[in-house]
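Enquirer: Next up is a structure, given as structure tokens.
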Amino acid sequence: MNSKDLYEDAKRLIPGGVNSPVRAFDPYPFFISEGEGSRITDVDGNEYLDYCLGYGPLILGHASPAVMTAILEQLKKGTHFGIPNKAEIKLAEKIVSLVPCAEMIRFTNSGTEATSSAIRLARAYTNREKILIFDGCYHGAHDHFLFDLHKVKSPGIPESIRETTLVAPFNDLERVKSLSEENELATIIVEPVMGNAGCIPPEDGFLEGLRDICNDNDTLLFFDEVITGFRLSLGGAQEYFNVTPDLVTLGKIIGGGFPIGAFAGKKDIMKLVKPEGKVFHAGTFSGHPITMTAGLATLKELENQKVIDKTTKYAEELAETLREESGKTVNQIASMLQIFFTESEVHTADDVRAADKKAYKRFHQALLKKGVFIPPARSECWFVSSAHSKEDLKMTKEVLKETFNEFE
Ligand SMILES: Cc1ncc(COP(=O)(O)O)c(C=O)c1O
């Protein structure tokens, strides 16, 4: 069966034919067959250079030999136990040694689970209920976070929850300051680089300002580094920008291509988590040996191979080509980037909304036809992996030139 028929089949059984909404795009998504390195092949036999990379986890590319070798070895010993395993300690130790605010860590199965458990922890630690989030940041598919400045993002969210989540524009310290003074906030949660409104780095002083506001108001500063962790630097955005939060959530890269999340922070906060403390978090699959092994293999590669330097350099080159060929705004930091079909600068989610959404969709389709897969939504980021070669980069630059020449 081809992708078109499979999509019809999937729609009969799964809402919208997909298990996560961004995967559905017009006229129908391709169905994947396999991936290796920088490339993926669909069931119709088309090959694509992949800049979506599973929405972030695959910084080493598809089927990285280091990860595959490690997990195959682990697989021989069994899959799941629900009993402590050594790989959990090794991955925890690696992360705690590299991420500045992480003195203790708890693994979860998704970023969503990590952020929702971490705000419970922040609320318990501060004995406060309200949290502040930023317009355009995404922290998972959880009731507490599905708001932006203009609307509630889903039906089904109780009114009582709306009262405890405040929203400020990204990069707007004045607004954060006034909201912090008017409300007793348990935590301010932020993606240090917004990776869910395209790619929006913080303006100079924004993260430092958040740190000061949190200090002044006994509020916990919480960085959601599910995307930026081990991407901007081995210590994440907090090391890159030299601002240490009280809590961090991680995910994506640390699972080496398997489902994961984690929350970590200062010991006095983390010690409140059950069974050491009373704050509840649990998970049948948490600390899964295959995931832990894949994550550890990935982090070891990141330490060995100067992956971050290479992926950053390639992303810079791509961003430069995109700017030159389109004349549009392109934001890039480390190995994450996005183009916005506007000539104005993009610093907030409203700036993204003002850009031409239809043009991005047409651009996505045009690249797909030429064998380059970028995220179907402009609210996601393009990612570059260490498996992308010089030839891949050259081919992509040529495709971008051709596409913009033909683009109306
Ligand atoms: C910054 C951020 N936090 C949390 C999440 C939720 O992670 P998951 O999809 O693993 O639940 C995501 C997912 O894209 C994310 O980008």
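Every read-out reported here was derived from the displayed coordinates using simple, explicitly stated rules and does not represent laboratory data. Nothing here was measured: the structure is a model prediction, and the numbers come from that model. Here the Cβ positions follow ideal geometry from the backbone for every residue, glycine too, while neighbour counts run over all protein chains shown.
Enquirer: With a sphere of radius 12 Å drawn around the Cβ of Ser116, what net charge do the other residues whose Cβ falls strictly inside it have (Lys, Arg +1; Asp, Glu -1)?
Expert: On the way: positive: Arg120, Arg123; negative: Glu113, Asp143, Asp224.
Summing Lys/Arg as +1 and Asp/Glu as -1 gives -1.
Enquirer: Need one word for the range 1-101: rounded, prolate or oblate. Basis is the Cα gyration tensor (sqrt eigenvalues a ≥ b ≥ c); a/c below 1.5 gives rounded, then a/b vs b/c decides. Could the numbers behind the result be given before it?
Expert: Numbers: a/c = 2.08, a/b = 1.92, b/c = 1.08.
Prolate.
Enquirer: While we're here: Take every DSSP beta bridge with both residues inside the range 65-304 and express the antiparallel ones as a percent of the total, to the nearest 5. Kindly include the intermediate steps, with their values, before the conclusion.
Expert: Numbers: 12 of 29 bridges.
Bridges in the range 65-304 that DSSP calls antiparallel: roughly 40 percent.
Enquirer: Under 16 Å from a point 7 Å along the Cα-to-Cβ line of Thr342: which residues of the range 188-228 have their amide N that close?
Expert: The answer is 194-203.
Enquirer: Would you compute the Debye intensity of the range 65-304 from its alpha-carbon atoms alone, equal scatterers and no solvent, and pass along log10 I(q)/I(0) at q = 0.10 Å⁻¹ to two decimals?
Expert: -0.45
Enquirer: Which percent of Cα pairs goes in each bin when the distances of the range 263-378 are cut into 10 angstrom slices starting at zero?
Expert: 11, 26, 22, 25, 14, 2
Enquirer: Can you give the calculated 222 nm mean residue ellipticity of the chain, where each DSSP H run of n ≥ 4 adds -39,500 (n - 2.57) and the sum is split over every residue, rounded to the nearest 500 deg cm²/dmol?
Expert: Working: 14 runs with 159 residues, N = 408.
Per the formula, -12000 deg cm²/dmol.
Enquirer: What are the ³J(HN,Hα) couplings of the range 344-361, residue after residue, when phi is run through the Karplus curve with 6.51, -1.76, 1.60 and θ = phi - 60°? Round to Hz, x for glycine and proline.
Expert: Karplus values, whole Hz, x for Gly and Pro: 8, 5, 10, 10, 9, 5, 5, 4, 5, 4, 6, 7, 7, 6, 5, 4, 4, 5.
Enquirer: Test of understanding: what is the full-extension gain from Asp143 to Asn242, defined as 0.36 nm times their sequence separation minus their Cα-Cα distance?
Expert: On the way: separation 99, 0.36 × 99 = 35.64 nm, distance 3.09 nm.
Net length gain for the segment: 32.5 nm.
Enquirer: Still on this structure, please answer the following. May I ask for the Kirkwood hydrodynamic radius of the chain, worked out over all distinct Cα pairs and given in angstroms to one decimal? Intermediate results must be reported in sequence, preceding the final value.
Expert: Numbers: mean 1/r = 0.0457 Å⁻¹.
Kirkwood radius, the chain: 21.9 Å.
Enquirer: Once you've got the GNM for the chain with C-alpha springs shorter than 10 Å, pick whichever of Phe145, Phe81, Phe206 has the biggest mean-square fluctuation.
Expert: Checking each option, the largest mean-square fluctuation is seen for Phe81.
Enquirer: Apply the Karplus parameterisation 6.51 cos²θ - 1.76 cosθ + 1.60, with θ equal to phi minus 60°, to every residue of the range 209-226 and state each ³J(HN,Hα) to the nearest whole Hz, in sequence, with x for glycine and proline.
Expert: x, 4, 4, 5, 4, 5, 4, 5, 10, 6, 10, 7, 8, 10, 9, 8, 9, 4
Enquirer: OK, next. Rounding to the nearest 20 debye, state how big the charge dipole of the chain is about its Cα centre with +1 on each Lys and Arg Cβ and -1 on each Asp and Glu Cβ. List each step's numbers first, then the result.
Expert: Details: 46 positive and 59 negative charges, 258 e Å.
Here the size comes out at about 1240 debye.
Enquirer: Within straight cross-link reach of Lys358, meaning Cα distance under 14 Å, which aspartates and glutamates are found once same-chain residues fewer than 8 apart are removed?
Expert: Leaving aside aspartates and glutamates fewer than 8 places away in the same chain, those within reach of Lys358 are Asp26, Glu408.
Enquirer: Okay, moving on. Given a Förster radius of 35 Å and the C-beta distance between Asp44 and Glu163 as r, what FRET efficiency does 1/(1 + (r/R0)^6) yield to the nearest 0.05?
Expert: Values: r = 49 Å, r/R0 = 1.40.
In this case the efficiency is close to 0.10.
Enquirer: Just to be sure I understand: with springs between alpha-carbon atoms less than 10 Å apart, which residue in Lys77, Lys306, Lys278 has the highest mean-square fluctuation in the Gaussian network model of the chain?
Expert: Lys77
Enquirer: Based on DSSP, what percent of beta bridges with both residues in the chain are antiparallel, to the nearest 5? Present the calculation step by step, with values, prior to reporting the outcome.
Expert: On the way: 27 of 46 bridges.
Of all bridge pairs located within the chain, approximately 60 percent are antiparallel.
Enquirer: With a ≥ b ≥ c taken as the square roots of the eigenvalues of the C-alpha gyration tensor of the range 284-324, please select rounded if a/c is under 1.5 and otherwise prolate if a/b is larger than b/c or oblate if it is not? Intermediate values should be presented prior to the final figure.
Expert: Working: a/c = 7.13, a/b = 2.41, b/c = 2.96.
Judged from the Cα gyration tensor, the range 284-324 comes out oblate (a/c at least 1.5, b/c at or above a/b).
Enquirer: Quick check: residue separation of Phe407 and Met68 times 0.36 nm, minus the Cα distance between them. What number comes out in nm? Before the final figure, lay out the partial values.
Expert: Values: separation 339, 0.36 × 339 = 122.04 nm, distance 4.01 nm.
Between Phe407 and Met68, full extension yields 118.0 nm more.
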